[in-house]
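Inspection log for the structure reproduced underneath, given as structure tokens.
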Amino acid sequence: MHIVVCIKQVPDSAQIRVHPVTNTIMRQGVPSIINPYDLFALEEALRWRDQAGGTVTILTMGPPMAEDTMRKALTLGADRAVLLTDRCFAGSDTLATSFALATAIGKIGETWGPPDIVFTGKQTIDGDTAQVGPGIAKRLRFNQLTYVAKIDSLDPESRAITVERRAEGGLQVLQSRLPVLITMLEGTNELRRGSLDSALRAARAEVVRWGAAEAGVEDTAKCGLRGSPTVVKHVFAPKPRAEKAQIIETAAGPVRTQADAVIAAIFARQPGIESDLLRLARHS
Amino acid sequence: MSDAAKPSPPAAAAGRSSMKKELPEHFKAYRHVWVFIEYERGNIHPVSLELLGEGRKLADKLDVELAGVVIGAEAEALHEAALSCFEYGADLVYRVADPILAHYRNEPFTKAMTDLVNTYKPEVLLLGATTLGRDLAGSVATTLLTGLTADCTALAIDDERSLAATRPTFGGSLMCTIHTLNFRPQMATVRPRVMPMPERQAGRIGRIADHSLSMAEEDIVTKVLRFVPDRDSDKAQLAYADIVVAGGLGLRTPENLRLVKELAEVLGGDYGGSRPLVQKGWIEADRQIGQTGKTIRPKLYIAAGISGAVQHRVGVEGADLILAINTDANAPIFDFAHLGIVADAVSLLPALTEAFRQRLSINRAAS
């Protein structure tokens, strides 16, 4: 079985700061990490490879420095890493990104055998769109299984796969057929620690670097800014509310006095809320 | 993985905005605003009605019609859904009824949606950013090769009749306004609760246009074996709760989350947590409140020990009243809360729970 996992190197968004004057992202000192959602996809791929046999190829699109990310994923046990890097990919929106990745997956298939499963995380923490996975599926004409909480069964022989998919208000149990694209839900498995063996292997392993031509992209007009139907017109820092919180001042005293002051302040500010509370509390 | 951090270089982005070209001739016929109506198991997802409210404003600005798209198995049930759409602002409903469409599946829904778009040519198409809406939107946009902007927090029409879709990026640190200049339809998704629920106009009516699905069950690979409803049915209700209490790192230990739950219970509300609590594994991911979790619009939101990072603010600023409890008087949460108290949430929460319990039981007895 051949499994491709798409991962992305992202800035650790918890540590991002915006320059107060220029409203630009201050990237200096912000560490890059593997998009946390992608780790669940990677782990799931490694598990099924270990169980059913085969290889795991990881694929990313990004600047040359994304090689660090790839090496980390190799340490965790992936067999092969492809870094798609070319200036023509810069500024890609989700449509252009899914074009580049799907084309590269096609090339990966020609080179190392057609993939049976492509995994992605459910979304990234920087873009948060969850659009690239479905985009890749549509372009490759793979069956699309998003927000997968669990793979119940997978049989490479009969090509049958059964998954539990997070839907609105419940889980859908879906049966489909390989090849599939799966976007993996978070919290669905626990990431392994890399073994010493795979760490040593990763240190020696070569990260395959492909430019647009090597990846099989014939029309670079479909890539990067040129290939992106969406255009960012303005970037701005969110406006804070003009007025700050009214601070409830209480004398140092029993905490119950503070609590009563808080409740009084809530009801003073929003008189209707007490009847709402009575109604809700009665239902609970 | 997801999009390639499109708004990362603001300088380059600003340069790009001058690249506006004339809309290609074949797209000029695209007219009207559409909302995909998420209809499952006899219910319209509230986000679809919220989008009808927003779509109405866009349609009025463009001076075009607002249409809902309802897709499902039974024409009769979809007729009921259509009547609701009219009452929430739609002039017209496109109905695709076919037994194949009994449960949501990507292939037939994408087919139904793209066929409708190619036939009736809308200029704007809005979908809820639910698991269903996001699954469908990405496929439809890729099939149509048009632009799609996810998780918008504001939608507007600019002077050139173009949809200006504003969304947070980099976890809410920055906002960006995105246009789909030379392609149609202009697609956007919006998360539940981001837009207010419009007033229902009882008796308001409209037209229904039927369209058939040109697909047979044999064409569809993926089958739905069964649907397992969530036992913990409050999971999906956090976004729609009237009262929400949430905790942050100021709770200090995972055990203290109990204090948040107890207050929420006394108030008849629901509870959640900030992103760090999810990352630490103190609380389930679907209880995360903020840009990357749930957006809430309760009547009362109590944030206990939450510092108030931008990404959190984005998810809660629709609340009618925000009360912040934090030991740090300089915490950013006090910049957007309405009421604040500089106090330790761990000691104040139980007192607040008790005080509310007494107050509510007295008044209940009196009423």
- [ ] Quote to one decimal, in nm, the extra length available between residue B:204 and residue B:60 on full extension: 0.36 nm per residue of separation minus the C-alpha distance between them.
- [x] 50.2 nm
Task: Calculated FRET value between residue B:335 and residue A:157, using beta carbons and R₀ = 51 Å, to 0.05 - done: 0.30
Task: Estimated inter-spin distance, residue B:161 and residue B:118, nm [label 7 Å along Cα→Cβ] - done: 2.4
Task: Simple spin-label estimate for residue B:284 and residue A:246 in nanometres, 7 Å along Cα-Cβ - done: 3.7
TODO: Could you list which residues have their amide H under 5 Å from that of residue A:170, counting only those 5 or more apart in sequence or on another chain, with H placed in the peptide plane?
DONE: B:230
Task: Solvent-accessible surface ranking, highest first, for A:48, B:282, A:112 at 1.4 angstrom - done: A:112, B:282, A:48
- [ ] For the range B:77-226, just list the percent of Cα-Cα distances falling in each 5 Å bin from zero outward, please.
- [x] 2, 8, 15, 18, 21, 18, 10, 6, 2, 0
Open item on the list: Please give the Cα centre distance for the range B:221-286 versus the range B:314-357, rounded to the nearest Å.
Closed with: 18
- [ ] Give me the Debye-computed log₁₀ of I(q)/I(0) at q = 0.09, 0.12, 0.13, 0.17 Å⁻¹ for chain A, equal point scatterers on Cα only, no solvent, two decimals.
- [x] -0.56, -0.81, -0.90, -1.36
- [ ] Can you pull the one-decimal nm distance between simple spin-label points at residue B:214 and residue B:77, each 7 Å off the Cα toward Cβ?
- [x] 2.7
- [ ] Run the numbers on the range B:20-219 and let me know its relative contact order in percent, using alpha-carbon pairs under 8 Å that are six or more apart.
- [x] 28
Task: Accessible area (Å², 1.4 Å probe, nearest 10) - residue B:130 - done: 10
TODO: Report, as an integer, the average count of C-beta atoms from other chains found within 10 Å of each Cβ along B:239-247.
DONE: 1
Open item on the list: Calculate the FRET efficiency for residue A:12 and residue A:190 from the Cβ-Cβ distance with a Förster distance of 25 Å, rounded to the nearest 0.05.
Closed with: 0.75
Task: Heavy-atom accessible area ranking, 1.4 Å probe, most first, across A:233, A:239 - done: A:239, A:233
Task: Selected from B:339, B:99, B:78, residue furthest toward positive end of dipole (chain B; charges at beta carbon) - done: B:339
- [ ] Take the Cα pairs of the range B:19-65, get the Kirkwood Rh, then feed it into Stokes-Einstein at 37 °C and 0.692 mPa s and tell me D in µm²/s.
- [x] 258
Task: Environment charge of residue A:43, counting only residues whose C-beta is closer than 14 Å and scoring Lys/Arg +1, Asp/Glu -1 - done: +2
Task: Calculated [θ] (222 nm, deg cm²/dmol) that DSSP helices of n ≥ 4 give over chain B, each run adding -39,500 (n - 2.57) - done: -9500 deg cm²/dmol
Open item on the list: Taking each residue in B:310-323, count the Cβ atoms of any other chain within 10 Å of its Cβ, then average. What number comes out?
Closed with: 3
Open item on the list: In whole Å, what are the extents of chain B along the principal axes defined by its C-alpha atoms, from largest to smallest?
Closed with: 64, 51, 40
- [ ] Determine the alpha carbon to alpha carbon distance for each of B:111/B:223; A:233/B:28; A:8/A:122; A:150/B:294; A:8/A:72 and list only those over 18 Å.
- [x] A:233/B:28; A:150/B:294
Open item on the list: Let me check I've understood the local charge: for residue B:194, count other residues with C-beta under 12 angstrom from its C-beta, Lys and Arg +1, Asp and Glu -1. What total comes out?
Closed with: +1
Task: Cα-Cα P(r), the range B:233-366, percent of pairs per 5 Å interval - done: 2, 12, 22, 26, 22, 11, 4, 2, 0
Task: the range A:94-138 residues near the modelled residue A:220 label - backbone nitrogen below 15 Å, point 7 Å along Cα→Cβ - done: A:100
Open item on the list: Output wanted: per-residue J couplings in Hz (rounded whole) for the range B:237-242, from phi through Karplus 6.51 cos²θ - 1.76 cosθ + 1.60, θ = phi - 60°, x for Gly and Pro.
Closed with: 8, 3, 4, 10, 5, 7
Task: Amide H contacts of residue B:150 (H built 1.01 Å from N, under 5 Å, at least 5 apart or other chain) - done: B:189
Open item on the list: How large is the Rg to Rh ratio of the protein assembly as shown when both quantities use alpha carbon positions and Rh follows Kirkwood?
Closed with: 0.97
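The values are calculated or read from the model by the stated rules, or taken from the named source; none is laboratory data. All values derive from a computational prediction rather than experimental measurement. Reconstructed Cβ throughout: ideal geometry from the backbone, glycine too, with neighbour counts over all protein chains shown. For the accessible areas, the whole protein counts, side chains as well, though only heavy atoms, and no ligand, DNA or RNA atoms are used. Shrake-Rupley method; radii C 1.70, N 1.55, O 1.52, S 1.80 Å.
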